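The values are calculated or read from the model by the stated rules, or taken from the named source; none is laboratory data. Computed from a prediction, not measured in an experiment: that's the story for all the values here. Cβ placement follows ideal geometry from the backbone for every residue including glycine, while neighbour counts extend to all protein chains displayed.
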Amino acid sequence: MKAAALIVAAGRGTRVGGGPKQYRLLGGKPVLRRTVEAFLRHPEIDTVRCVIHPDDASEYAAAVDGFVLLDPVSGGRSRQDSVRMGLESLVGMAPDIVLIHDAARPFVCAAVIDACLKGLDAAEGAIAAMQVHDTLKRGDQQGAIAATIDRTNLWHAQTPQAFRFDAILRAHRSALGHELTDDAAVAERAGLRVVLTPGSHENVKITTIADLVDAESRVSEGQRICRTGIGFDVHRLGPGDRVIICGVEIPHDGALVGHSDADVGLHAITDAVLGAIAAGDIGTHFPPSDHRWRGADSSVFARHAAELVHARGGRIENIDVTIICERPKIGPHRPAMVAKLADIFGLQVECVSVKATTTEGLGFTGRGQGIAAQAATSISFALSS
């Protein structure tokens, strides 16, 4: 069947300020562009048309530049008028199905569109909706509670709202002059059967400036790519009375041997961070042949790796390190290690994991000849809009 998407973008959006909300930038793109993209990408949508305010022709052209769309049509005094005028413009195409969607819902996903289309198998209309879980109150004119509303079978209506084209066109024509809040109400008035299909908490409508700020935050988080790095390090044990692991001194009957302070935990983590940004390993940046690093505090290496991440626009999301040894016992020192690593890498302690394991007496760690560590980290980078 042939399906058309009708994007209603004729409103003024005065509560957002700074011009119609559908043309405000969201992560560097106009809100309308993001909305239209969602339908252009969907394999079941054959064509897309926008209903716009006649004063917004230039803003509209800039917002959808490069897209293959039907020419826009002008809307009317109300949203209901705008939808009806959009439907009338599709008569010559005679689509089987039309999905009507608010331009200010840029986060609609393919699954929500799929559900609406599937809902038409059993009805003349299908709308995205979310079941009400909050307690509802009716207030009086003085702002006091007048009644508690039974929320059983109550739903928040969203868009898209999908319909058999001929049926919704007739319904809108017959509703001319009535003030109805959405297209499902128009369909209900005409006696059409409309079913509820799963909406999404992400499918929010941008109405206020606070909504726009929240949407901007969501887009910024969504436009990130994550890279994972792994690191592994080993140091043998020699004479001494303490070891340094993850920046924490631990009394022991030996000391780790290395060019620097031989902090096996920090070395593994540093290599993991460097690996995630494809920047070599510790030896690349701090070669053992350089006497400057003899006995150096390994936190210098770790902070350098973190600075490289930040210089590339990255953000370290978490660190996970496992210390492999029979002794010393790591558990009593874990909180101090977590705090030290959080400080070095600028993380919340909830984003740092320090674990320990043994090799059941096997191998060089089992024989107490050395200590090993393996680490993993995730680093995210913002994508350009």
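Within the range 295-302, one or more residues are surrounded by 13 or more Cβ atoms within 10 Å (Cβ to Cβ), closer than 25 Å to P332 by Cβ and of a type in the set (D, E, K, R). What are the residues in the range 178-234 that are under 28 Å from D166 (Cα atoms), at pLDDT 95 or above and of a type in the set (G, A, S), if any? If the condition is that a residue be under 28 Å from D166 (Cα atoms), at pLDDT 95 or above and of a type in the set (G, A, S), then A184, A185, A187, A190, G191 are the ones that fit.
Restricting attention to the range 35-59, the residues that are assigned to a helix (DSSP H, G or I), surrounded by fewer than 21 Cβ atoms within 10 Å (Cβ to Cβ) and of a type outside the set (A, V, I, L, M) total 5. You will find that of R151, R173, R164, the residue that is in the same structural domain as A94 (by TED's automatic domain parsing), surrounded by fewer than 14 Cβ atoms within 10 Å (Cβ to Cβ) and modelled with pLDDT of 95 or more is R173 and no other. Checking each residue in the range 339-366 for being under 21 Å from V234 (Cα atoms) and without any contact (Cβ under 8 Å) to a residue 24 or more places away in the chain picks out E360, L362, G363. Which condition does A342 not pass, out of (1) touching a Cys at 6+ places or on another chain (Cβ under 8 Å); (2) crowded, with 19+ Cβ neighbours inside 10 Å; (3) under 17 Å from G265 (Cα atoms), if it passes all the others? Of (1) touching a Cys at 6+ places or on another chain (Cβ under 8 Å); (2) crowded, with 19+ Cβ neighbours inside 10 Å; (3) under 17 Å from G265 (Cα atoms), only one is false for A342: (2). Please determine, by comparing only the residues of the range 357-379 that are in contact with a Gly (Cβ under 8 Å, 6 or more places away or on another chain) and buried (at least 19 other Cβ atoms within 10 Å of the Cβ), which one is modelled with the lowest pLDDT. Filtering first and then ranking leaves I379.
Identification of strands (runs of 3 or more DSSP E) wholly contained in the range 204-277 with 2 or more residues that are surrounded by fewer than 17 Cβ atoms within 10 Å (Cβ to Cβ) yields 224-238, 248-251. Where strands (runs of 3 or more DSSP E) fall entirely within the range 80-168, those with at least 2 residues that are under 19 Å from K205 (Cβ atoms) are at 97-102, 125-131, 155-164.
As for the range 333-342, it holds no residue that is assigned to a strand (DSSP E or B), among the small types (G, A, S) and in contact with a strand residue (DSSP E or B) (Cβ under 7 Å, 6 or more places away or on another chain). On the basis of being in contact (Cβ under 8 Å) with a residue 60 or more places away in the chain, assigned by TED's automatic domain parsing to the domain that holds K205 and touching a helix residue (DSSP H, G or I) at 6+ places or on another chain (Cβ under 8 Å), does V31 make the cut? Taking the combined requirement at face value, the residue satisfies it.
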